[in-house]
Amino acid sequence: MKKNSQKTTLLTVFCGCAVALAASAQTPIEGFEYANEEDMLAQWAPQGATLTLSSYVAARASGTNSLRIERTFPATTWETEVVSGPSLDTPLVIEPDQFVTLRVAGDPQFTNASFQTLYLYAFDSNGNKGRWGSPVPTSTTNWEVLNFKASTAEKPWDSTDPVNLSDIVQFKLYIYGQGDPPGTEFSATIYVDDIIVRDSALVEFPPASPLRSLIDNFEGHVDDAALMTAYTYVSSPAATVTTACLASPAPEGSKALKLAIDFAGGQWPCGSVRSGIVTPFSFPTNAVVQFSLKGDPAMASISDAGTVFWLTFYDQGGRAFTFSDVSAPLSSSEWTTVKATYNQFWFGTPVDTGNLVQWRLLVEGWEGTADSTPRSGTFYVDNVRITIPPTLSIMDTTLKMSDLIPGTTYTILQTSNLAEWTTATTIQATGTTATWTIPAGQLGFYRVYYTP
């Protein structure tokens, strides 16, 4: 028998001496907010490029101008453009753990370069140099943020000593357009904006993709072969072997995922399957992940704090967003529903949860000890979904529903005693909010649900 999963919400009615300036949480170096190009060219000097102010800026830029650098790179070995910035009035102190960030919009023409790299150079008062570099963006003219950890500054070949990060007096841009041997001659334009020293990396993501309510209920895989065209095995250590197939019965529908794992001996063995890359989808901050899980009673004797089920989502940069549940019923033979809110997931590097493209289902066998013996277990997963519980409020005789999923049909239930519920109406959400006028004589308790 198929069981519907319903998401519901219930509602009832001083000195003058020269000192070095330490970079704070965010210290702007240059935003190119000059009144005109004459003022800008009084501060920034090109070697061979044409510099102009541009109104082309990133969506989250701090101002309305950027620096436009236009340059022809001939077929000459190590052809490089140098754009020199102004001398700082006060030496800048950059801590090793801070980040130097800037926005860059590149040009597809840089694909003609045999060596295409943008370097940001920092100079100290003794003339020593340090540099941070990244390939010039070529695949698109969209803005990118480059984050350089200060401590990773390289010493160029022509610098006598490493740069003194506590005594920075000038920045310059070096744009390499050719290497050795050179490529064909080309002309390209690059935009630079918002050079900043920050305590943390600047992470900005594109607009969020639509919600993907159903991650996988395994009904769409025709057979085991089809399942394994959608998933790959990822096990650690190598001696752990995972075999995935479809299984029946299932808590919903007729198919579930079966993971038979032969765990290696020793500590922290785990086996998993990882999906292929899919169309980007979002995991909203008010969403809940839900899935069904069944374990293996044979694991009971070995279970410890390392017997954990992991559900991990990955963004387009491969950054992981993980829920790991030590209380998951990995030794129970009964199907259990597991739920996790957005804030129960953890990450290292910030993750673009508005554009996730992959997921992994992993079983960790045990923490164990170095002499723990190999063990086998069989685990089942079904009906992995991301849902958004609706929220309700009442003003006078109007029921307001928020956090709705557009296109989803919601059922409104009403009761006066919390024992017997009747259907008041159904609505199809056309946006994230909706209202419904409560009929006269129907004041009481309301519940709204939808079936994912």
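For the reader, a short list of remarks on this structure follows.
- In the range 281-306, the residues that are assigned to a loop (DSSP other than H, G, I, E, B) and modelled with pLDDT under 95: 284, 285, 286, 287, 300, 301, 302, 303, 304, 305, 306
- With respect to (1) assigned by TED's automatic domain parsing to the domain that holds residue 135; (2) at positive phi, the lone exception for residue 266 is condition (1).
- For the range 398-417, the set of residues classified as more than 21 Å from residue 210 (Cα to Cα) and part of a strand (DSSP E or B) consists of 398, 399, 400, 411, 412, 413, 414, 415, listed by residue number.
- Counting only residues that are in a loop (DSSP other than H, G, I, E, B) and surrounded by 14 or more Cβ atoms within 10 Å (Cβ to Cβ), the range 96-124 holds 7 of them.
- Top-ranked residue in the range 365-390 [being under 33 Å from the mean Cα position of the chain (by Cα) and among the small types (Gly, Ala, Ser); ranked as nearest to residue 294 (Cα to Cα)]: 377
- Qualifying residue in the range 426-441 (condition: surrounded by 14 or more Cβ atoms within 10 Å (Cβ to Cβ) and over 30 Å from residue 209 (Cα atoms)): yes
- Residue count, the range 285-317 (criterion: buried (at least 16 other Cβ atoms within 10 Å of the Cβ), under 18 Å from residue 351 (Cβ atoms) and not charged (D, E, K, R)): 8
The rows are residues; the columns are (1) in contact with a strand residue (DSSP E or B) (Cβ under 8 Å, 6 or more places away or on another chain); (2) farther than 22 Å from residue 235 by Cβ; (3) among the β-branched types (Val, Ile, Thr); (4) in the same structural domain as residue 255 (by TED's automatic domain parsing).
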site: 359; (1), (2), (3), (4): yes, no, no, yes
site: 364; (1), (2), (3), (4): yes, no, no, yes
site: 368; (1), (2), (3), (4): no, no, no, yes
site: 373; (1), (2), (3), (4): no, no, yes, yes
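- Among the candidates 420, 367, the residue that is in a loop (DSSP other than H, G, I, E, B), modelled with pLDDT of 90 or more and not aromatic (Phe, Trp, Tyr) is uniquely 367.
- The range 173-212, residues that are assigned to a strand (DSSP E or B), of a type in the set (S, T, N, Q) and within 30 Å of the chain's Cα centre (by Cα): 189
- Any hit, the range 259-277, residues being of a type in the set (Val, Ile, Thr), touching a Gly at 6+ places or on another chain (Cβ under 6 Å) and in a strand (DSSP E or B): yes
- Of residues in the range 431-451 being part of a loop (DSSP other than H, G, I, E, B) and under 16 Å from residue 391 (Cα atoms), the one modelled with the lowest pLDDT: 451
- Residue list for the range 346-380, restricted to those being within 18 Å of residue 214 (Cβ to Cβ) and basic (Lys, Arg): 360
- Each residue in the range 307-317 was checked for being under 16 Å from residue 362 (Cβ atoms) and assigned to a loop (DSSP other than H, G, I, E, B), and 1 of them qualify.
- Residues satisfying the stated conditions in the range 69-91, i.e. of a type in the set (Ser, Thr, Tyr), part of a loop (DSSP other than H, G, I, E, B) and surrounded by 13 or more Cβ atoms within 10 Å (Cβ to Cβ): none
- Of the set (1) over 37 Å from the mean Cα position of the chain (by Cα); (2) under 30 Å from residue 281 (Cβ atoms); (3) in the same structural domain as residue 251 (by TED's automatic domain parsing), all apply to residue 354 but (1).
- Selection of first residues in the range 363-380 that are among the aliphatic types (A, V, I, L, M) and of second residues that are buried (at least 16 other Cβ atoms within 10 Å of the Cβ) and part of a loop (DSSP other than H, G, I, E, B), restricted to Cβ pairs under 8 Å at least 6 apart or on distinct chains, gives the following pairs, ordered by first then second residue: 363/330; 370/266.
- Total residues in the range 370-397 satisfying the condition of being more than 30 Å from residue 269 (Cα to Cα), of a type in the set (Ser, Thr, Tyr) and not in a strand (DSSP E or B): the figure is 1.
The values are calculated or read from the model by the stated rules, or taken from the named source; none is laboratory data. Model, not experiment: these values are computed from the prediction. For neighbour counting, all protein chains shown are included, and Cβ atoms are generated from backbone atoms with ideal geometry for every residue, glycine included.
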